[in-house]
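S.K.: Below is the structure I would like to discuss, written out as structure tokens.
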Amino acid sequence: MESTPPRLQVSNLVRRFEGRAVVDDVSLSIAPGDVTCLLGPSGCGKSTTLRMIAGVDMQDAGTIHVDGELICDTVFRVPPERRQIGLMFQDFALFPHLSVGDNVAFGLKGAKADKRRRAAELLERVGLVHYIDEYPHQLSGGEQQRVALARALAPKPRIMLMDEPFSGLDNRLRDGIRDETLSLLKEEGTSVLLVTHEPEEAMRMADEIALMRDGRIVQQGAPYNIFNAPADKAAVAFFSDTN
Ligand code: ADP
Ligand code: MG
């Protein structure tokens, strides 16, 4: 029986800066529709890994496959804009001169009316459709974050890469936005690689956690299993550190 390939398969990825491997033989996979968290302390190589998957940086060794199709090795490379991979970062930067609706429609192709319909549909889902003709500066930080999420999801990416997307938010807002984001991602069926240095965030959002340290994945599995049986003493310390 043929099995479905993972949505994302990263194999033996290496990235060196000045001779030092900051990503050192990283392999991880994401099943379709799953949220996988790449969890580890600051400086361990999470963002570098994400940039190679996005295609804005190139690995020194290893391969990346999406739905079983090779998108990048050390000689062949599908350009970022053809990977159908969405990105969301902490400084999510909406375009200030574009309306909220035009921000969400920005990456879409096709007729203007269709683009507006898709933008309205997503804004409806994040509870902000009444802002469609307003401008970003009229929205709160949390609202801008939800618009950024709608914009990233509008082109129906095969994978969404999120790099510490909640770390700029006020503590009071963060849990609510995490939950909203997760339910929207699940409704859309988007496969997600979420980078975080906060164990609590990974425990709250992940189907799978890939625990990273010093450029390596030290453990990948269900949150419950990783939390209850960390790979080693350093993993125990990381989980018990409240940051
Ligand atoms: P994280 O996202 O986990 O905090 P990064 O992937 O940003 O970690 O960085 C991993 C390591 O690689 C850090 O030591 C960082 O200083 C180094 N690094 C990242 N980008 C570069 C670069 N362009 N040139 C040199 N060193 C870099
Ligand atoms: Mg980072």
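S.K.: Scanning the stretch 114-127 for residues that are modelled with pLDDT of 95 or more and of a type in the set (A, V, I, L, M), which turns out surrounded by the most Cβ atoms within 10 Å (Cβ to Cβ)?
M.R.: ALA119
S.K.: With respect to SER99, determine if the residue is modelled with pLDDT of 95 or more, under 19 Å from the mean Cα position of the chain (by Cα), of a type in the set (Gly, Ala, Ser) and away from ligand 2 (no atom under 16 Å from the Cβ).
M.R.: Working: modelled with pLDDT of 95 or more: yes; under 19 Å from the mean Cα position of the chain (by Cα): no; of a type in the set (Gly, Ala, Ser): yes; away from ligand 2 (no atom under 16 Å from the Cβ): yes.
Here the answer is no, as SER99 does not meet what is asked.
S.K.: Hey, another quick one. I'm checking my understanding of the structure. Among residues of the stretch 8-63 that are among the charged types (D, E, K, R) and within 14 Å of the chain's Cα centre (by Cα), which one is nearest to ligand 2 (Cβ to nearest atom)?
M.R.: Going through the qualifying residues, I end up with LYS46.
S.K.: Exactly one of these conditions fails for ASP57: (1) surrounded by fewer than 20 Cβ atoms within 10 Å (Cβ to Cβ); (2) part of a strand (DSSP E or B). Give me its number.
M.R.: Exception for ASP57: condition (2).
S.K.: Six or more apart or on different chains, Cβ atoms under 9 Å: show the pairs whose first residue is in the stretch 161-176 and under 18 Å from MET88 (Cα atoms) and aromatic (Phe, Trp, Tyr) and whose second is surrounded by fewer than 19 Cβ atoms within 10 Å (Cβ to Cβ) and modelled with pLDDT under 85.
M.R.: PHE166/GLN90; PHE166/LEU173
S.K.: List every residue pair whose Cβ atoms lie under 7 Å apart, where the two residues are 6 or more positions apart in sequence or sit on different chains, the first residue falls within the stretch 218-243 and is over 23 Å from ASP24 (Cα atoms), and the second residue, located anywhere, is part of a loop (DSSP other than H, G, I, E, B) and of a type in the set (Asp, Glu).
M.R.: Final answer for the pair search is ASN243/GLU198.
S.K.: Right, next: Hey, could you check the stretch 26-54 for residues that are surrounded by fewer than 16 Cβ atoms within 10 Å (Cβ to Cβ) and more than 13 Å from ligand 1 (Cβ to nearest atom) and say which is farthest from SER183 (Cα to Cα)?
M.R.: SER27
S.K.: Can you tell me which residue within the stretch 9-23, out of those that are buried (at least 17 other Cβ atoms within 10 Å of the Cβ) and over 22 Å from GLN84 (Cβ atoms), is nearest to ligand 1 (Cβ to nearest atom)?
M.R.: Taking the stretch 9-23 as the starting set, the residues that turn out to be buried (at least 17 other Cβ atoms within 10 Å of the Cβ) are 9-10, 13-15, 21-23.
Now narrow it down to the ones that are over 22 Å from GLN84 (Cβ atoms): 14-15, 21-23.
Details: VAL14: 12, ARG15: 8, ALA21: 10, VAL22: 4, VAL23: 7 Å.
Looking at the filtered set, the residue picked out is VAL22.
S.K.: Same structure, new question: Starting from residues that are away from ligand 2 (no atom under 14 Å from the Cβ) and charged (D, E, K, R), keep the ones in the stretch 194-212 and report whichever is farthest from GLY33 (Cα to Cα).
M.R.: Within the stretch 194-212, the match that is farthest from GLY33 (Cα to Cα) is GLU200.
S.K.: Would you mention how many residues in the stretch 154-185 are outside any helix (DSSP H, G or I) and either more than 23 Å from GLY40 (Cα to Cα) or within 16 Å of ligand 1 (Cβ to nearest atom) (or both)?
M.R.: Residues meeting the conditions: 13.
S.K.: Restricting to the stretch 186-196, and then to whatever is among the hydrophobic types (A, V, I, L, M, F, W, C) and within 16 Å of ligand 1 (Cβ to nearest atom), can you tell me which residue is surrounded by the fewest Cβ atoms within 10 Å (Cβ to Cβ)?
M.R.: In the first step, residues of the stretch 186-196 are kept if they are among the hydrophobic types (A, V, I, L, M, F, W, C); the result is 192-195.
Retained after the next criterion (residues that are within 16 Å of ligand 1 (Cβ to nearest atom)): 193-195.
Details: LEU193: 27, LEU194: 28, VAL195: 24.
Here the residue is VAL195.
The values are calculated or read from the model by the stated rules, or taken from the named source; none is laboratory data. These numbers come from a predicted model, not from an experiment. Cβ: placed from backbone, ideal geometry, glycine included. Neighbour counts: every protein chain shown.
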